[in-house]
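Have a look at the structure below before the remarks.
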Amino acid sequence: MIETRNLRKRYGDFVAVDGISFKVEPGQVLGFLGPNGAGKSTTMKMLAGFLTPSEGSASICGHDVVESALAAKRLVGYLPEGAPSYGEMSVLGFLQFIADIRGLAGESRRRQLDDAIGRLSLQGVAQQSIDTLSKGFKRRVGLAQAILHDPKVLILDEPTDGLDPNQKHEVRALIQAMAKDKTIIVSTHILEEVHAVCNRAIIIARGQVLADDTPAGLEARSRFHQAVSLSADNAHAVRDVLVRIGDVAAVEIDAQDQRVTAFPRAGKAIFGAVVEALKSNGIQVREIALEQGRLDEVFRQITTATKEAA
Amino acid sequence: MSPTRILFRRELASYFATPVAYVFIVIFLLLSGAFTFYMGGFYERGQADLLPFFGFNPWLYLFLIPAVAMRLWAEERKSGSIELLLTLPVTMGQAVAGKFLAAWAFVGIALALTFPIWITVNYLGDPDNGVIVASYLGSLLMAGAFLAVGSCLSAMTRNQVVAFILTVVACFLLLLAGFPMVLDFFRGLGLPQGVIDAISGLSFLTHFNAISKGVLDLRDLFYFGLMIGFWLYATTIVIDLKKAD
């Protein structure tokens, strides 16, 4: 479990993290979203025990990250941004070093090493020095290091950055597989990732929490939520039909691909009415879809709103 | 195994995983030999002792030890591995000590490899081996003090060249603190005699020379111990202050 209360980090006059409070329970995978410089990494560094909070507090399974730092660090697996490691070491040598310093010994040390190496498919490069590995492999070494001691809490700063689509898929599958009994925080600015791995998302910007919801809940804030989009031969004729439906708030035509989107009034469902109207007017559509809402649009809307206010 | 020992082992192995260790050792041995035999007049003096060797030792350290110390923390900060290291379950003290001890052991290995010169002097004559052992001990302690200074200054920057230059300058001042050149400078500032004496007492050379004469005064050992302790403690503070940037 991770809990932060009014967590704040100042660098001189600059406030990087400005009073963040949240609580993450085991079984939750929390996606940390925000534009660059929003305070994601700083928050994670404080949780991992690298930076000391200027104000407020954070605890890992009840251990305060400042007062009982060692106890907290033992429970955390942390992947720092960029997955740094000791480049001159071999993959196996590096993981053995981490195992030793994490206090693993004997049979469990061997088993955990095998498990981490297996889960991240590092068998083929175990004897290579880390400096000679590709970016994707380096990232996987960093992940192996983080999960090596089977920690209760995982803090992963951009775990899929720099990976190819297949590797991304593998890492997401890995996170999901571990999610059951762990508390996991993943920072990312790839929004599709939130859908793929997270069951909760926090959007932060300028050091503050702006939204804290499930991915579906965030999507529901989009004006595209429950909107109906379709493509047909005569887009303007379709629009004229759709605007007459009572629950339709607006109809837009995409300038590029002529796709028509009908937006519902708040809280209304319009799919049935749209289909009905098209049928009764004899309009043929090539394809029609019910939109779930667009995270990128919600993200932009939430994170830019404060910038204007500030 | 204690975390300090695990870190020590990893660090020491990392010296030998790169050419750094071999270049350092070869250069150290070559220069030690060259200074002793050519500039020190090892044969011409006609005396069976290692004074020419240990006489040049501090000046060799002045440039070679900062080269070992500069990577201690600057490299960790540059590569970002400091973030990994300090989020592992180790205390700051253990991390600083483990890295320092590894560097010290490494310089100790280089120093130990000068043993042929000891054999030579014993073959040629009948030296006072007690004095030689004391000199080796003094040299090792001085190396430790140099390294501790370097550790602290290396923690201040992520640039190894900057760390190197700062360490050379700081060590040069500490080395010469007892010399008129430095003392006259402080006298010129109008400092009271007590302060001047204190500065002169900080000199590496004064204490090293005392030990090299074969006199193991507790005060000289204590001085180097205190020096190492102080600079390592300063290292932990500097890392704490600077790790955010």
Counting only backbone N atoms under 14 Å from a point 7 Å out along Cα-to-Cβ of B:F186, the residues of the stretch B:194-222 in range are B:194-207
Footprinting proxy, A:H63, A:H189: sorted fewest to most Cβ within 10 Å, the residues are A:H189, A:H63
Put in order of increasing Cβ neighbours within 10 Å, starting from the fewest, B:D220, A:D233, B:D49 give A:D233, B:D49, B:D220
Taking Cα atoms, the helix A:271-280 axis meets the longest principal axis of chain A at an angle in degrees (rounded to 10) of 30
Once the in-chain neighbours fewer than 8 apart are removed, the aspartates and glutamates whose Cα is under 15 Å from B:K243 read A:E81, B:E75, B:E76, B:E83
To the nearest 10 degrees, the tilt of helix A:135-147 (Cα long axis) against the first principal axis of the alpha carbons of chain A is 70
Here the percent of antiparallel bridges among DSSP beta bridges lying wholly in the stretch A:55-187, to the nearest 5, is 25
Mean other chain Cβ within 10 Å across A:79-87 is 5
Note: B:202-210 gets an average of partner chain Cβ contacts (10 Å, Cβ to Cβ) equal to 0
Within the stretch B:1-22, the residues whose backbone N lies under 19 Å from a label point placed 7 Å from the Cα of B:F115 along the Cα-to-Cβ direction are B:22
If R0 = 30 Å, then A:E287 and A:A126, at their Cβ-Cβ distance, give a FRET efficiency to the nearest 0.05 of 0.05
Going residue by residue through the stretch A:26-34, the Karplus relation 6.51 cos²θ - 1.76 cosθ + 1.60 with θ = phi - 60° gives ³J(HN,Hα) values, rounded to whole Hz and with x marking Gly or Pro, of x, x, 8, 10, 9, x, 9, 10, x
Rounded to the nearest 500, the 222 nm mean residue ellipticity computed for the protein assembly as shown from DSSP H runs (n ≥ 4, each -39500 (n - 2.57)) alone is -17000 deg cm²/dmol
Once the in-chain neighbours fewer than 8 apart are removed, the lysines whose Cα is under 30 Å from A:K180 read A:K23, A:K40, A:K45, A:K73, A:K135, A:K138, A:K152, A:K168
Among B:V215, B:V68, B:F172, the residue whose Cα sits farthest towards the positive end of the charge dipole of chain B, when +1 is placed on the Cβ of each Lys and Arg and -1 on the Cβ of each Asp and Glu, is B:V68
Within the stretch A:228-243, the residues whose backbone N lies under 19 Å from a label point placed 7 Å from the Cα of A:Q258 along the Cα-to-Cβ direction are A:229-243
Ordered by fewest other Cβ atoms within 10 Å, a rough proxy for footprinting exposure, A:D213, A:D157, A:D100 read A:D213, A:D100, A:D157
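Quick note: the coordinates plus some simple rules give every number you see, no bench work behind them. Treat the numbers as computed from the prediction; the structure is a model and nothing was measured. Glycine gets a Cβ as well: all are built from the backbone with ideal geometry, and neighbour counts include every protein chain shown.
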